[in-house]
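> I have a structure I would like to understand better, so I am pasting it below and will then ask my questions one at a time.
The values are calculated or read from the model by the stated rules, or taken from the named source; none is laboratory data. What you see is a predicted model, and the numbers here were worked out from it, not measured in a lab. Cβ: placed from backbone, ideal geometry, glycine included. Neighbour counts: every protein chain shown. Please note that ligands, DNA and RNA were not included when accessible areas were found on the heavy atoms of the full protein model with its side chains. Shrake-Rupley method; radii C 1.70, N 1.55, O 1.52, S 1.80 Å.
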Amino acid sequence: MAECFLCSLGWILKYYLYACAACFGIFVLLTIFSKLGERGNKFKYYSKYGMIYFATQSFTTLFAPFSLLRAGNIDNCRIISTIVSRCSKILGITWELRNAQILRQAKGAIVLTNHQSSMDILGMMILWDILWKVVPIAKLELLFLFPFGPSAWLAGVQYINRKNRTSAMKVFDRCKRMMTQDGAKMYIYPEGTRYPERGMLPFKKGAFHTAIEAQVPIIPVVFSHMYFIQSKKHIFDDGHVIIDTLDPIPTVGLTKADLDQLIERTRNAMLA
């Protein structure tokens, strides 16, 4: 029995190492491809996106055996983000965080940011070490992206069904307890989808409902326009992003009657 177990363990370990080596090789190839070609070259453009997609999905998946040891613990995501965020240097993206002390000192809050492109995931990972305890929210469709979706769930990602309000509010209730009891911070894109142009789309109400119910502050965070990415021209240059942390917006004493006013106040502050 023991021999059979050790044999199975050895087989699993061997193929796990093969998978690590294969993922590393693919990542290196994508990195090389991202440096080739002229400005506006489609192959170069998609290689850069492919590199960050692959780094995020492959490392989250490879980390799954360790996530199993504490399934659903949001600290798993912090470890993953610390590694993947290093891709910024390879992509030539630098980040300038303003008013970091607001994020560092807050205990139990909802962080709202604008959502421009897939590169926002790198911005979130840059902030992770400062935010420390983060409850990441993702759309439910990503759960079925195998093997990344289940691996991300093990790492602590909370999936939300945007088409089912009852289900979505249950997820927000679970996050509310994590904020009030553990001092965690929810990280949400209130627009609900990407908007690459300047400005922002109208906000969804879920995060604001939760903020009022939990009586926790909202911390607006604004990423400057990613001028160096132009999808229609297939341009992905080196670039600099300013991350501006705005003053927290308190919700103590607010009720559902104040919901629309709270959304308007937050959105106007971020637009300004």
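> If you scan the range 179-188, which residues turn out to be open to solvent by 50 Å² or more (accessible area, probe 1.4 Å) and not β-branched (Val, Ile, Thr)? Before the answer, list the steps.
Taking the range 179-188 as the starting set, the residues that turn out to be open to solvent by 50 Å² or more (accessible area, probe 1.4 Å) are 180-182.
GLN181, ASP182, listed by residue number.
> If you go through the range 229-252 one residue at a time, do you hit one that is open to solvent by 30 Å² or more (accessible area, probe 1.4 Å), more than 20 Å from the chain's Cα centre (by Cα) and free of Cβ contacts under 8 Å to residues at least 24 places away in the same chain?
Yes.
> Okay, moving on. Counting only residues that are in a helix (DSSP H, G or I), closer than 16 Å to TYR53 by Cβ and of a type in the set (A, V, I, L, M, F, W, C), which one in the range 102-140 is most open to solvent (accessible area, probe 1.4 Å)? Walk me through it before giving the result.
Our first condition is that a residue be in a helix (DSSP H, G or I); within the range 102-140, this holds for 102-105, 120-131, 140.
Next cut, closer than 16 Å to TYR53 by Cβ only: 120-125.
Still in the list and also of a type in the set (A, V, I, L, M, F, W, C): 121-122, 124-125.
On the way: ILE121: 51, LEU122: 0, MET124: 25, MET125: 14 Å².
Once the filter is applied, the top-ranked residue is ILE121.
> Among the residues of the range 146-162, write down those that are surrounded by fewer than 18 Cβ atoms within 10 Å (Cβ to Cβ) and either of a type in the set (Asp, Glu) or touching a residue at least 60 places away in the same chain (Cβ under 8 Å) (or both).
The initial filter retains those residues of the range 146-162 that are surrounded by fewer than 18 Cβ atoms within 10 Å (Cβ to Cβ), namely 146-147, 150, 161-162.
Residues satisfying the conditions are PRO147, PRO150.
A quick yes/no check of all residues on (1) in a helix (DSSP H, G or I); (2) of a type in the set (Phe, Trp, Tyr); (3) touching a helix residue (DSSP H, G or I) at 6+ places or on another chain (Cβ under 8 Å); (4) loosely packed, with under 13 Cβ neighbours inside 10 Å:
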{"site": "GLY25", "(1), (2), (3), (4)": "yes, no, no, yes"}
{"site": "VAL28", "(1), (2), (3), (4)": "yes, no, no, yes"}
{"site": "THR31", "(1), (2), (3), (4)": "yes, no, yes, no"}
{"site": "PHE54", "(1), (2), (3), (4)": "yes, yes, yes, no"}
{"site": "GLN57", "(1), (2), (3), (4)": "yes, no, yes, no"}
{"site": "THR60", "(1), (2), (3), (4)": "yes, no, yes, no"}
{"site": "ARG78", "(1), (2), (3), (4)": "yes, no, yes, no"}
{"site": "SER88", "(1), (2), (3), (4)": "yes, no, yes, no"}
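> Against the condition under 19 Å from the mean Cα position of the chain (by Cα) and either touching a residue at least 40 places away in the same chain (Cβ under 8 Å) or closer than 16 Å to MET119 by Cβ (or both), how does TYR195 come out, does it pass? Reasoning before the result, please.
Values: under 19 Å from the mean Cα position of the chain (by Cα): yes; either touching a residue at least 40 places away in the same chain (Cβ under 8 Å) or closer than 16 Å to MET119 by Cβ (or both): yes.
Spelling it out, TYR195 is indeed under 19 Å from the mean Cα position of the chain (by Cα) and either touching a residue at least 40 places away in the same chain (Cβ under 8 Å) or closer than 16 Å to MET119 by Cβ (or both).
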